[in-house]
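Only one structure is covered here, and it is reproduced in the block below.
Each value in this text was obtained by applying a stated rule to the coordinates, not by laboratory testing. None of these values were measured; they are calculated from a predicted model. For neighbour counting, all protein chains shown are included, and Cβ atoms are generated from backbone atoms with ideal geometry for every residue, glycine included.
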Amino acid sequence: MNILVTGGAGFIASNVADAYIEAGHKVIIVDNLFMGNMKNVNKKAKFYKVDVRDPKISSILKKEKIDVINHHAAQISVPDSVKDPLADAQINIMGTLNLFEAARKNAVKKFIFISSGGTVYGSKVPLPATEDNPLTAESPYGISKVTGEHYARFYTAQYGIKHTILRYSNVYGPRQIPHGEAGVVAIFIEKIMAGIAPVIFGGGTCVRDYVYVGDVARASVQALDKGDNDAFNIGTGVRTDVNQLYRAVQKATGFDKPAGEGPYREGDLKANYLENKKAGKILGWKPETGLEAGIGKTYEYFKSLKK
């Protein structure tokens, strides 16, 4: 297949691009390099420096005869979305809509939309969250992801473009950037490697579901020919608070200093973790990397950068 991966110079999507190439597919990457890095781009992929909001996306789809779009490019910070909802919507809603319109005009067969299991359900659903829970997002970031899901269903119903929605929990691993809540593992490791105790916000009691990026990449491969017109949680189902996470990072790095304390951040959910049984049943996907093993691999990656 000819697969367009948006945000393919970034943390998660570059790992997805690698997995597609390893599976024998032709990968075309578009990324504006605002947060991505060319060092992450697989040498076997074709690269275009283009923003997902750019109308020239359509001509790229036509030229490369794209069969599938895998859409990862996004504004990823919940706190930033709270501070500037307009900027969040311009990237996450208008960028997504631009891609759907380009897909419609160029006979793209399938659109894999990356959503957020950490935000689309809101704070009032029973945990672990399942795909049957209502989408009651409470942050602009979550709202933009819910909007993208609705557009996926619209373009399937109206134009026959198949879709699969993958709702990620908190992804970590090699190539992660130390930015925002999603980058907490990278933030901890970079601080520790500099000999600085990281800051934990809100007492460290916020509960999340940390899933390793290599496992996440497999979900996008399996979604190529499974899970049509449906949504799936991609997480471990294991609840981990930030204090537990920090202890796991301390164990991997041998760092013994206690973390600093910071206030609760506006827009962050108190708790979220995902049930993944549906992904197992329909996609044949399950996480294979435990938290300690995944953090160990991530730490080795950051050490290799220093070398």
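Looking at the chain as a GNM with Cα springs under 10 Å, which of 293, 23, 107 has the largest mean-square fluctuation?
23
Could you work out how far helix 95-105 tilts from the main Cα principal axis of the chain, as a 0 to 90 degree angle to the nearest 10?
Result, in degrees: 30.
Show the residues, 5+ positions off or on another chain, whose built amide H is closer than 5 Å to the amide H of residue 116.
Residues meeting the amide H criterion: 168.
Which of the listed residues, 156, 120, 144, is farthest toward the dipole's positive end in segment 90-169, when Lys, Arg count +1 and Asp, Glu count -1 at the beta-carbon?
Final value for the positive-end residue is 156.
Against the longest principal axis of the chain, how steep is helix 242-253, in degrees 0 to 90 to the nearest 10, with axes from Cα atoms?
It is inclined by approximately 80 degrees.
Picking from 250, 276, 263, whose Cα lies most toward the positive end of the charge dipole for segment 216-307 (charges on Cβ: Lys, Arg +1; Asp, Glu -1)?
It is 250, whose Cα lies furthest towards the positive end.
Could you give me the ³J(HN,Hα) list for segment 64-71, computed from phi with Karplus coefficients 6.51, -1.76, 1.60 and θ = phi - 60°, whole Hz, x at Gly and Pro?
For segment 64-71, the Karplus curve yields 8, 6, 5, 8, 9, 9, 10, 9 Hz.
So if I take the centroid of the Cα atoms in segment 156-225 and the same for segment 241-303, what is the distance between those two points in Å?
9
Once you charge only the Cβ atoms, +1 for Lys and Arg and -1 for Asp and Glu, what is the size of the charge dipole of segment 258-300 about its Cα centre, to the nearest 20 debye?
Dipole size: approximately 380 debye.
Figure the gain on full extension for residue 132 and residue 83 (residue separation times 0.36 nm, minus the Cα-Cα span) and round it to one decimal in nm.
14.6 nm
Could you work out the helix-only [θ] at 222 nm for the chain, with each DSSP H run of four or more residues adding -39,500 (n - 2.57) and the total divided by the number of residues, to the nearest 500 deg cm²/dmol?
Calculated mean residue ellipticity at 222 nm is -11000 deg cm²/dmol.
Going Cα to Cα from residue 26, which aspartates and glutamates come in below 20 Å? Please leave out same-chain ones fewer than 8 positions away.
Answer for residue 26, where 20 Å is the Cα cut-off: 18, 64, 67, 225, listed by chain and number.
Let me know the number of lysine pairs in segment 191-307 closer than 22 Å at the Cα, not counting same-chain pairs under 8 apart.
Lysine pairs, 8 or more places apart or on different chains, close enough: 22.
Work out how much length residue 261 to residue 307 would gain on full extension: take 0.36 nm times their residue separation and subtract the Cα-Cα distance, in nm to one decimal. All intermediate terms of the calculation are to be shown ahead of the outcome.
Working: separation 46, 0.36 × 46 = 16.56 nm, distance 3.09 nm.
Length gained, residue 261 through residue 307: 13.5 nm.
Which value, in debye to the nearest 20, describes the size of the charge dipole of the chain about its Cα centre when Lys and Arg Cβ atoms bear +1, Asp and Glu Cβ atoms bear -1, and nothing else is charged?
Roughly 920 debye for the chain.
Would you pull out the residues with amide H under 5 Å of residue 47's amide H, same chain only if 5 or more places away, H placed 1.01 Å from N?
Distant-sequence amide H within range of residue 47: 29.
Pull out a ≥ b ≥ c, the square roots of the eigenvalues of the alpha-carbon gyration tensor of segment 110-244, then state rounded if a/c is under 1.5, prolate if not and a/b is larger than b/c, and oblate in the remaining case.
Since a/c reaches 1.5 and a/b is larger than b/c, the shape of segment 110-244 is classed as prolate.
Direction-averaged shadow area of the convex hull around the Cα atoms of the chain, nm²?
Numbers: hull surface 57.7 nm².
If you wrap the Cα atoms of the chain in a convex hull and average its projections, you get 14.4 nm².
In whole Hz, with x marking every Gly and Pro, tabulate ³J(HN,Hα) for segment 284-297 from phi via Karplus 6.51 cos²θ - 1.76 cosθ + 1.60, θ = phi - 60°.
Result, rounded to whole Hz: x, 10, 8, x, 10, 10, x, 4, 5, 5, x, 5, x, 5.
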